[in-house]
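Below is one structure; the comments refer to it alone.
Each reported figure results from applying straightforward, stated rules to the coordinates on display, with no laboratory input. What you see is a predicted model, and the numbers here were worked out from it, not measured in a lab. Because the Cβ atoms are built from the backbone with ideal geometry, glycine has one as well, and the counts that use them run over all protein chains shown.
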Amino acid sequence: MRYQITGKQIDIGEALQTHVKDELGAVMEKYSQRPTDANVVFSRDAHNHVCEATVHLSSGLTAQAKGTATEIYAAFDACCEKMDKQLRRYKRRLKDHHRDRPMPVEFAGAPSYILASDGAEEDEPESLQPIIIAEMEMRIPSLSAGEAVMQMELTHANVLVFRNERHGGLNVVYRRDDGNIGWIDPE
């Protein structure tokens, strides 16, 4: 497994890096037998330490967890515990999808834009063109609807755009206000 362990305005010592590799490696060994990538970021929030971990599984799914504590090791341990709980909850589905999928999930690139509003309440704007304030590249995975819902829940996202494996069209799954999952499948 490849690790990227960084700190935002915090020095990350060798002992902490070794601890992260050992503990996160043990958690990943339980649930994923294939190599994966892990990105762990430590930061400070007032008097607390914050640890955010993102693990890219070989199946194409991504798991995220965040832990906060007054000590940096305790923040990582809380984050690692949340990651373990998430992966334990989805272990059966993760294992089943690994057997059904001979190749890793394919990703397609797509641009993503953040549009700015001017904040003024006018009856008619001068230009109907919104101002683009940020542009980035997003990856759109090719998944089944069940895998898309699992990916959305693992990353705690409210919406996920994916390419449906069955017919190759773009689909959307989203969390509804009533707590259920909605699925948009235009054909």
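Observations, loosely collected:
- Phi angles across the stretch 158-173 convert, under the Karplus curve 6.51 cos²θ - 1.76 cosθ + 1.60 with θ = phi - 60°, into 3J(HN,Hα) values of 8, 8, 9, 9, 8, 8, 5, 5, 5, 10, x, x, 6, 10, 9, 10 Hz, Gly and Pro given as x.
- Built amide H within the under 5 Å cut-off of T36, gap 5+: R2
- Ordering H156, H49 by the number of other Cβ atoms within 10 Å of each residue's own Cβ, fewest first, gives H156, H49.
- Phi angles of the stretch 11-20 translate, via the Karplus equation with coefficients 6.51, -1.76, 1.60 and θ = phi - 60°, into HN-Hα couplings of 7, 9, x, 4, 5, 5, 4, 5, 4, 4 Hz per residue; Gly and Pro are given as x.
- Whichever lysines have a C-alpha closer than 23 Å to that of K66, once near sequence neighbours (fewer than 8 apart) are set aside: K8, K21, K30, K82, K85, K91
- Sparse-neighbourhood loop sites, GluC sites (Glu not before Pro) in the stretch 11-86 - DSSP loop, at most 12 other Cβ within 10 angstrom: E71
- Counting Cα-Cα pairs of the stretch 1-86 in 10 Å increments starting at 0 gives whole-percent bin shares of 19, 56, 23, 3.
- Residues of the stretch 1-30 with amide N under 17 Å of a point placed 7 Å along Cα→Cβ from D77: 15-27
- Computed from the C-beta positions of V172 and Y3, the FRET efficiency with R₀ = 25 Å rounds to 0.15.
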